[in-house]
1. Spot the failing condition for residue 52; the list is (1) acidic (Asp, Glu); (2) at pLDDT below 95; (3) within 23 Å of residue 71 (Cα to Cα), and only one is missed.
2. Please work out which one of (1) touching a Ser or Thr at 6+ places or on another chain (Cβ under 8 Å); (2) at pLDDT below 95 is the condition residue 20 fails and give its number.
3. Hey, does region 120-133 have a residue that's touching a residue at least 60 places away in the same chain (Cβ under 8 Å), in contact with a Phe, Trp or Tyr (Cβ under 7 Å, 6 or more places away or on another chain) and small (Gly, Ala, Ser)?
4. Give the residues of region 107-148 that are among the aliphatic types (A, V, I, L, M), loosely packed, with under 14 Cβ neighbours inside 10 Å and over 18 Å from residue 26 (Cα atoms), sorted by residue number.
5. If I filter region 170-185 for residues that are out of contact with any helix residue (DSSP H, G or I) (no Cβ under 7 Å at 6 or more places or on another chain), more than 23 Å from residue 56 (Cα to Cα) and modelled with pLDDT under 95, do I get at least one hit?
6. Just give me the residues in region 76-106 being surrounded by 14 or more Cβ atoms within 10 Å (Cβ to Cβ) and more than 30 Å from residue 43 (Cα to Cα), in sequence order.
7. I'd like the full set of residues that are at pLDDT 95 or above, farther than 19 Å from residue 67 by Cα and of a type outside the set (D, E, K, R), limited to region 138-168.
8. Among 96, 68, which is assigned to a helix (DSSP H, G or I), within 25 Å of residue 39 (Cβ to Cβ) and hydroxyl-bearing (Ser, Thr, Tyr)?
Amino acid sequence: MSILDLGNEEVPLPVQIVLDTSLLLACREGDDNPCSKAAKKFIQRLGQQIGEYQMVAWLLCPVLQECYHIILSQSLRRSWAALPSDKRPPNWLAAYKHQPDLLTAGFADMADFDDILAAIPLTPAQPEDLKTAAMVYPLEERIRYFITAYYLLPQDALILAEAERLGVTAVATLDRDWHRVKEFDVYTTPV
């Protein structure tokens, strides 16, 4: 398969695509990813195609989980930093464990992110969607395969394994690790 520049509007879009965490988080207002402008433009292009019923952009559960985790942990870090130094636990995770209600500070950020997802619009993948002919191998075997074949971390390997189960061969990411993946068309920013 190939690496495709998501910033190039001449590059054709696939009929189906799975979006990665890095791409979606870069669409937030004020995101500091240097590729956020390209990501937003690509998402806008996808949204037009989706609106015209020419493609489907899938939202996988591990991607949503990772996005929420990052959004909430960033909020917890801010809450932890705002605590008086004499009452501040050693790190943001310890602060959360002692005061779980600190999590509420991130709920508005999570809701704003949900609005971004709804505006695209994405199709959430359900467990029954993942039951395709691509299920020749157990999920854990495919995760190990993607980890060892492309030197990916487990979360990225899981996303690829689930994309494979959906029968989708195109993914979009800002994560440079995915440039090594040969079994998918990877829409990303240039090296």
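The values are calculated or read from the model by the stated rules, or taken from the named source; none is laboratory data. No experiment lies behind these values; they were computed from the predicted model shown. Cβ placement follows ideal geometry from the backbone for every residue including glycine, while neighbour counts extend to all protein chains displayed.
1. (3)
2. (2)
3. Taking every residue of region 120-133 in turn, at least one turns out to be touching a residue at least 60 places away in the same chain (Cβ under 8 Å), in contact with a Phe, Trp or Tyr (Cβ under 7 Å, 6 or more places away or on another chain) and small (Gly, Ala, Ser).
4. 133, 135, 136
5. yes
6. Matches in region 76-106: 79, 80, 83, 88, 89, 92, 95, 96, 99, 102.
7. 143, 145, 146, 147, 148, 149, 150, 151
8. 68
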